[in-house]
Amino acid sequence: MQWLETFPGVTWQQRWNTSPASTRPGNDWARLAPGWIGTAAGPSQRQALSGGLLSLICADVVRPALPWLLSRASANMTSLRIGLIPARDLEGFAQLEAMIESATWSSKVGRHALHSLVKIVAAKGGTLADITVGDAVEYLAALKAANKAANVKARGNTLFYAWLRELGTLPAEAPSSLRYLANTSGQVSMEQLVDRFGVRCRPVRDLLVDYLKERQPGLDYTSLNNLSRHLASNFWGDLEQHHLGIDSLHLAPEVSAAWKQRCRTRIERRRQPDGEVREVVTGRANVASIMISVRAFYLDIGQWAIDEPARWGPWAVPSPIKDADVAVVKDNKRRKARMDHRTRERLPALPAVARAASSCLHAAKARLQALMDTRPGGQFAFAGDTFMRAAKDGTTWAVNIATGRRVDLALAESRAFWAWAMVEFLQHTGVRIEEMLEASHHSLIQYRLPTTGEIVPLLQIAPSRTDEERVILVSPELADVLSAIIARIRDPRTGAVPYVSSYDMAEKTWNPQMPLLFQWCRSGESSRLSPKLLREALQEVLASTNLTDSAGRPLDFSPHDFRRIFITDAIRSGLPPHIAQVIAGHTSINTTMGYNAIYPGEAIEAHRAFIARRRTLRPSEEYRTPTNEEWVAFLGHFERRKLSIGICARAFGTPCIHEHACIRCSMLRPDPDQRHRLVEIRDNLIARITEAEQEGWLGEIEGLQVSLASAEEKLIQLDAEQVRQRQVIDLGMPHFSQIATRISTARGSSN
């Protein structure tokens, strides 16, 4: 303090700001302080000087800047935490510790989050309750700059903000998370959408902005974003690049022809096998959408000029895009052929992909368990590879000794689990990936059939592209997946599914907090899984299958491939197309049939059968919205399949192909409560076989033995099912009646 008095300023903070210590990194201060202070401090004692400065910071006499605090060594930050918490906000930090899980609080990311809060309090003053969103954003910016200067890539930097949200000190309108701060720009104005492409002609730029504002009420943000790109970049930006000084929409024939030719191609930068990057001219896939957007632009202006001639009349000129330019019939046929070929290649490979996803998950779990059973710094072998566990306790990193590759086995197990969950969820529901990511714990409901009282689990699909809500029956296989997901994401302290926020990257908006199913704990903070991570995890599964396409290339799967396969398989199995349309959530039956990839050989037989069936049973009513009676009949199928010893699992609308020989049928799902009946049938078959052998009825022995083998197989299936059911997890699904009650109450209150 004597040394600080030698610098100008009224307060100690002003003197600190003008001293050389404030501009020196934290470690340099401790090393150079004795030289700065000279004889005023007596003997050179670095530790004593650091302790003195620590006392001034804890007492809020001096507030170092965030870059200075971020340059301090971790040992010094521990000393600052120990001294600052009781001096500034002992009660607030104690309350925070009580709210956080002990494992997260004591983990590495937990210590980093705690140190982040300590640094903000030290730099800004006050307590935890005084930290604002601006303080958190400023800290992240300073941390990013410090990490960039030190060439350090850190994770879990935003956990401290999640703790503040849980503590309840931030206002209600504060952002839900700062994790995606760099990517969550939000919706921008029409002026910003156009200006990002650098349109030089100011009148045309203003026209494009005005046009987008007129179209804005009838379009979503994604469509506006694409429309602005088509008009301002692909159309007018290209014209300004090749025709300097152009300022009119009235294009000469040679100008429009040259633009159309350039629009049909684009330049790609591709890396060659030798590592060299070359520019390759390829065909543009979305040329039709660009042409349609430009043609609509001209036609809209011409139409609006009739109603508002002063505003739009000067720009009303003939459209350079003719009808032939927007003819998409051939393009649609080619796209349909490509989609069908892709679906036909992947439909037979789907079981192999599902098995590979399950195998990868089991292997990842076993490898992680082997690491947890090994002491830190020890070695363990798995699947022919030898790994060395990290020496530091509490980490899940391991090094492959043969390759030297360092792997986080807990992260690898998590990626394998979510890849398996995505494959199973998509193949049993046929939903879009955005609908899957929006599925929450609230989406699981129960419906009781009014006639039999049987409870049918349903999965409620939130509105996506069509803005129409729908429900899907939950099969036993899908129920297993959902139970595994819920058991994984539940909070170990409360047993509840955490509420997380999700950012819609297409619409650039934050969705309300929901107990989403596809979430994971990343660096101590729960967040929604990103589509990019799921696609990468799926590719890791596919890499282990060694599947190839017709050209010999590795077979790739996209999440939308599962939707096409689901619809194709459902219609091929006999599900009426208009029922498949409802399940898929399509507004048009043509869209559903466009997803259906029928094989050529099957198309002929199916067409002949369709003509005969249409003449007799369904004249002119094949493709329509199902009536209430048809929907009741569809649900009634699940009532009529009940048998004395179980449930028949045959597809809707199909007859019994085994002549009601249920004991031999693979479609029979035996009921555990009817096990005694199966035992009686088995014992009776054994007695009849013995009698037939004694009487010499050789013609009956073979048939009785087949029935006996089937009965024993059903008993084995029941025993295995009982073992699995011991591990069933309560999903906590609300009943359908509870939801209906809430809806009716809301209507009543509004009246």
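Quick note: the coordinates plus some simple rules give every number you see, no bench work behind them. Just so it is clear, the structure is predicted and the values come from calculations on it, not from any experiment. Ideal geometry is used to build each Cβ from the backbone, glycine not excepted, and the neighbour counts take in all protein chains shown.
Numerical summary
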| read-out | value |
| --- | --- |
| Calculated on alpha-carbon atoms, Rg and Dmax of the chain in Å | 33.9, 120 |
| Helical mean residue ellipticity (222 nm; -39500 (n - 2.57) per DSSP H run of 4+; nearest 500) of the chain | -17000 deg cm²/dmol |
| When the stretch 350-546 is reduced to its Cα atoms, the Kirkwood hydrodynamic radius in Å | 18.6 Å |
| T509 long-range amide H proximity, modeled H, under 5 Å | D504 |
| Computed E for D683/S483 - FRET, C-beta separation, R0 25 angstrom, nearest 0.05 | 0.10 |
| Aspartates and glutamates with Cα under 18 Å of K124, excluding same-chain neighbours fewer than 8 positions away | D60, D89, D135, E138 |
| Sequence-distant lysines (8 or more away, or on other chains) whose Cα lies within less than 16 Å of K260 | K322 |
| Cα-Cα pairs of the stretch 647-725 separated by more than 22 Å (percent) | 33 percent |
| Cα-based Rg of the stretch 303-417 normalised by 2.2 N^0.38 Å, two decimals | 2.21 |
| Too-long pairs where the Cα-Cα distance tops 29 Å, listed order kept, from K330/K532; K119/K392; K119/K532 | K330/K532; K119/K532 |
| Integer Hz, Karplus 6.51/-1.76/1.60 couplings in order for the stretch 122-131, x for Gly and Pro | 5, 7, 9, x, x, 10, 4, 5, 8, 6 |
| Taking S526, S228 and counting other C-beta atoms within 10 Å, the order from fewest to most | S526, S228 |
| Point-to-point label distance, T78-A285, nm (Cα→Cβ direction, 7 Å offset) | 5.3 nm |
| For I120, I85, order by how many other beta-carbon atoms lie within 10 Å, fewest first | I85, I120 |
| Length gained when the stretch V632-A381 is fully extended (0.36 nm per residue, less Cα-Cα span) | 84.6 nm |
| Efficiency of FRET between R264 and S588 - r from beta-carbon atoms, R0 35 angstrom, step 0.05 | 0.75 |
| Fewest-first ranking of I583, I716, I455, using other Cβ atoms within 10 Å as the exposure measure | I716, I455, I583 |
| More than 15 angstrom apart: percent of Cα pairs within the stretch 217-305 | 68 percent |
| Residues with amide H under 5 Å from that of V500, placed H, sequence gap 5 or more | M514, L516 |
| Listed residues G168, C201, S189: farthest to the positive end of the dipole of the stretch 164-209 (Cβ charges) | C201 |
| Inter-site label distance for R553 and D247 at 7 Å from Cα along Cβ, in nm | 4.8 nm |
| Spatially proximal aspartates and glutamates relative to K508 (Cα-Cα < 13 Å; intrachain offsets below 8 disregarded) | D220 |
| Phi to ³J(HN,Hα) by Karplus 6.51 cos²θ - 1.76 cosθ + 1.60 over the stretch 476-490, Hz, x for Gly, Pro | x, 5, 5, 4, 4, 5, 4, 5, 5, 5, 5, 4, 7, 8, 5 |
| R448 long-range amide H proximity, modeled H, under 5 Å | V456, F736 |
| Estimated FRET transfer efficiency when R0 is 25 angstrom, pair L299-H341 (beta carbons, to 0.05) | 0.10 |
